[in-house]
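Peer 1: Structure provided below as C-alpha cells; questions to follow.
The values are calculated or read from the model by the stated rules, or taken from the named source; none is laboratory data. Everything quoted here is computed from the prediction, not taken from an experiment. When we count neighbours, we look across all protein chains shown, and the Cβ atoms used for this are built from the backbone with ideal geometry, even at glycine. Surface accessibility is based on the protein's heavy atoms, side chains included, excluding ligands, DNA and RNA. Shrake-Rupley method; radii C 1.70, N 1.55, O 1.52, S 1.80 Å.
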Amino acid sequence: MTYVLLFRGLNVGGRSAVKMPELAAVLTSLGLRGVRTYIQSGNAVVECDLPEAALIALVRDGFTRGFGFACEVCAVSGEELARVVAELPFTAEEIEATQQAQPEVEHLYVYFLPEPPAPDALAALQGDGADGDRIALRGRALYLLCAGSVRNSKTAARIGKRLPAATARNWNTVRKLLDMASK
C-alpha cells in the first residue's frame, strides 16, 4: 500500500533540522520501499504492507533512533489523500477571491489529524469568523481557507492550540504529494 508520511514541525524556524536524503535513508532502513521525499518540510511517500498504526509506530521509533529526537508523524494512505483532494469543500471562486485579495501568500491549507475532532470542537475552532477565515472538516482532514496570511490567522492559531497533533500542508503540497503517491 502507498502511504504519505507527514512529519510535524521538521525544518521550521531552524529547529528540528533533518535533511531529506537522511530521512529517506532512515525510512529505507526500516524496510519501507519506494521511499521518496518532497521538499524540506518532512514529507515522504512510501510503500509498505503494514496497517497505519503499525507504520506510525515503526516510523516514530526509527526516526527517534536515527535522529536523536522525537517527531510526530501522520500517515495518510494514497486513497485517503485522493479523497482529501476530491472533497475540497471550497469552490474555485471562493479560493480565487482570497488569492486575488492577497496574491503573495498561500491561502488554502489542509490539517491532517490522527482522528476527527469531536463535533463541538469544530465550532470552537472557527471562532466568531471575524477574520474571514473558513474551515471545513471531512473525515480526518480539516481544510482552512485563510482570508489573508496563515501567519496572521487567528483560526490557524486556534487549530494549533486545540489540535496539537495536527500537521498542516498547503494545497500545492497536498496536490504534489497526491501526484507522487499515484505513480
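Peer 1: Consider only pairs whose beta carbons are under 8 Å apart and that are at least six residues apart or on different chains; among these, list those whose first residue lies in segment 162-178 and is closer than 20 Å to residue 96 by Cβ and whose second residue is loosely packed, with under 15 Cβ neighbours inside 10 Å.
Peer 2: Short answer, once both residue conditions are applied: 173/39.
Peer 1: Residue by residue through segment 125-183, note down the ones that are surrounded by 19 or more Cβ atoms within 10 Å (Cβ to Cβ) and acidic (Asp, Glu).
Peer 2: 133
Peer 1: Output yes when any residue across segment 70-90 is assigned to a loop (DSSP other than H, G, I, E, B) and either among the basic types (Lys, Arg) or over 22 Å from residue 163 (Cβ atoms) (or both), and no when none is.
Peer 2: no
Peer 1: Now, a different point. Scan segment 23-43 and give yes if some residue there is under 21 Å from residue 113 (Cα atoms) and among the hydrophobic types (A, V, I, L, M, F, W, C), otherwise no.
Peer 2: Yes.
Peer 1: State which residue pairs qualify: first residue in contact (Cβ under 8 Å) with a residue 24 or more places away in the chain and inside segment 93-120, second residue part of a helix (DSSP H, G or I) and open to solvent by 50 Å² or more (accessible area, probe 1.4 Å) in any location, beta carbons under 7 Å apart, and separation of 6 or more residues or different chains.
Peer 2: 107/99
Peer 1: Same structure again: Report, ordered by the first and then the second residue, all pairs with beta carbons closer than 6 Å, sequence separation of six or more or different chains, a first member in segment 126-147 that is farther than 16 Å from residue 170 by Cα, and a second member that is surrounded by 20 or more Cβ atoms within 10 Å (Cβ to Cβ).
Peer 2: Short answer, once both residue conditions are applied: 126/135.
Peer 1: Still on this model: If you scan segment 103-130, which residues turn out to be under 16 Å from residue 150 (Cβ atoms) and at pLDDT 90 or above?
Peer 2: 103, 104, 105, 106, 107, 108, 109, 110, 111, 112
Peer 1: Here is a list: 59, 105. Which entry is within 30 Å of residue 27 (Cβ to Cβ), surrounded by 14 or more Cβ atoms within 10 Å (Cβ to Cβ) and either touching a Gly at 6+ places or on another chain (Cβ under 6 Å) or not charged (D, E, K, R) (or both)?
Peer 2: 59
Peer 1: May I ask you to list the residues in segment 31-69 that are under 19 Å from residue 167 (Cα atoms), assigned to a loop (DSSP other than H, G, I, E, B) and in contact with a strand residue (DSSP E or B) (Cβ under 6 Å, 6 or more places away or on another chain)?
Peer 2: The answer is 42, and nothing else.
Peer 1: Could you grab me the full set of residues in segment 62-100 that are closer than 30 Å to residue 132 by Cβ, among the hydroxyl-bearing types (Ser, Thr, Tyr) and surrounded by 15 or more Cβ atoms within 10 Å (Cβ to Cβ)?
Peer 2: Residue satisfying the conditions is 98 alone.
Peer 1: Could you list, in sequence order, the residues of segment 21-52 that are without any contact (Cβ under 8 Å) to a residue 60 or more places away in the chain, on the phi < 0 side of the Ramachandran plot, in contact with a Leu (Cβ under 9 Å, 6 or more places away or on another chain) and open to solvent by less than 60 Å² (accessible area, probe 1.4 Å)?
Peer 2: 23, 27, 30, 32, 35, 37, 44, 46, 47, 48
Peer 1: Taking residue 113, is it under 24 Å from residue 9 (Cβ atoms), surrounded by 15 or more Cβ atoms within 10 Å (Cβ to Cβ) and in contact with a helix residue (DSSP H, G or I) (Cβ under 6 Å, 6 or more places away or on another chain)?
Peer 2: It is false that residue 113 is under 24 Å from residue 9 (Cβ atoms), surrounded by 15 or more Cβ atoms within 10 Å (Cβ to Cβ) and in contact with a helix residue (DSSP H, G or I) (Cβ under 6 Å, 6 or more places away or on another chain).
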